[in-house]
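First comes the structure, then the notes that go with it.
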Amino acid sequence: MSCRGPCSNQITLNDGRRCPSYGLGTFLSKPEEITEIIKLSIDIGYRLFDCAWLYGNEKEIGEGLRAKIEDKVITRDDIFVVTKLWNTFHEQQKVVPACKESLKNFGLDYVDLYLIHWPCAQEDVGKVDFQLPFKDAVYSEYDIVETWRGMEECVRLGLAKSIGLSNFNSKQVQKIVDNAKIQPVVNQIEVNIFLNNKKLIKFCKDRNIQIMAYSPLGSPTRPWMKESDPVVPLDHDKIAAIGKKYGKTSTQVILRYIYQLGTVPIPKSSNPGRLKQNFEIFDFKLTDDEMDVMDSFNCDLRMCHAEELLGSPEYPFKGVEF
């Protein structure tokens, strides 16, 4: 994977594959806008693209990626494409067809990383609401190890180079680790200053599983947000003071903090200026004292809680410490 500048910062996953240490999230990116956003982000230097079947925009993302490949701005090897298995496809026999559907959407031969989006299986009750995916959800009981067997088959068939998890708690991660023939390389979880998830980060790191950090800015445009919900305090004096020291915005300070926690942040933006700013976090480093200041905002407040799945035996945010 060749690249100049910040995107040359890469990590090595536990299967030996290289992955960019920073990426672009695409949840809630509008299909009519995302193709141009992808093209612009590639010009800026982004090489990791976090996607999901659920987001309803794989086709348009693929159009942007393929356009840049056809224009010889990048090669396929230069980019790292992530997508996810949705909850209604947990049955082992459904995993490979679901992966193939995503590949058809992208117009690609393989994805670099395929994740189980949530440990909870849902019944297929018809059309999925991409913005409120748990609305009217009916959960079903299905062994996540059996789902993992389908993920492993995706690797054996060459549909996915690597496989991993998303929204799995420590017990669920350990269950997969103990039963896997192919180990998960990533657990993608929510990480921001309200929920720094340091215990789960360490737990996964101890098992050589990389953390990808979604909602690093607190997902302020999430459709299920309530008026009473707090928002990440971009105007807080302590964060602004750190930013002033380095000539950076509060957003850049927060993203740098998430990065220094040892994660791969995947912030989402549709604004060209913010896309560029979000990427400019590699020319400064927070001190230990500044990391402590950022740690002080943690209150274990989760933005993406999927409370509609509380009754599921695999609901990941209840009954465990982390």
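Residue-level analysis places V231 among those that are among the β-branched types (V, I, T), within 29 Å of K135 (Cα to Cα) and at pLDDT below 95. Apart from one condition, T221 fits all of (1) among the β-branched types (V, I, T); (2) surrounded by 16 or more Cβ atoms within 10 Å (Cβ to Cβ); (3) closer than 30 Å to K127 by Cα; (4) in contact (Cβ under 8 Å) with a residue 40 or more places away in the chain; the exception is (2). Considering the conditions (1) modelled with pLDDT of 95 or more; (2) closer than 18 Å to G262 by Cα; (3) surrounded by 21 or more Cβ atoms within 10 Å (Cβ to Cβ), I42 is excluded by exactly one of them, (2).
Here is a yes/no grid of residues against (1) aromatic (F, W, Y); (2) surrounded by 15 or more Cβ atoms within 10 Å (Cβ to Cβ); (3) assigned to a helix (DSSP H, G or I):
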{"position": "K100", "(1), (2), (3)": "no, no, yes"}
{"position": "L115", "(1), (2), (3)": "no, yes, no"}
{"position": "A137", "(1), (2), (3)": "no, yes, no"}
{"position": "V145", "(1), (2), (3)": "no, no, yes"}
{"position": "Q172", "(1), (2), (3)": "no, yes, yes"}
{"position": "I176", "(1), (2), (3)": "no, yes, yes"}
{"position": "N192", "(1), (2), (3)": "no, yes, no"}
{"position": "I211", "(1), (2), (3)": "no, yes, no"}
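Filter the stretch 48-84 down to the residues that are of a type in the set (D, E) and closer than 20 Å to V155 by Cβ, then identify the one that is surrounded by the fewest Cβ atoms within 10 Å (Cβ to Cβ). Ranking the qualifying residues of the stretch 48-84, first place goes to D77. Scanning the stretch 263-300 for residues that are surrounded by fewer than 17 Cβ atoms within 10 Å (Cβ to Cβ) and under 18 Å from the mean Cα position of the chain (by Cα) yields one hit, S270.
Given the structure, is K59 among the basic types (K, R) and out of contact with any Asp or Glu (no Cβ under 9 Å at 6 or more places or on another chain)? Spelling it out, K59 is indeed among the basic types (K, R) and out of contact with any Asp or Glu (no Cβ under 9 Å at 6 or more places or on another chain). Across the stretch 224-256, which residue is nearest to D288 (Cα to Cα) among those that are part of a loop (DSSP other than H, G, I, E, B) and polar (S, T, N, Q)? Of everything passing the filter in the stretch 224-256, T249 is nearest to D288 (Cα to Cα). Restricting I34, I69, I61 to those that are within 18 Å of the chain's Cα centre (by Cα), at pLDDT 95 or above, more than 30 Å from E146 (Cβ to Cβ) and in a helix (DSSP H, G or I) reduces the list to I34.
The values are calculated or read from the model by the stated rules, or taken from the named source; none is laboratory data. All values reported here derive from a predicted model rather than from experimental measurement. When we count neighbours, we look across all protein chains shown, and the Cβ atoms used for this are built from the backbone with ideal geometry, even at glycine.
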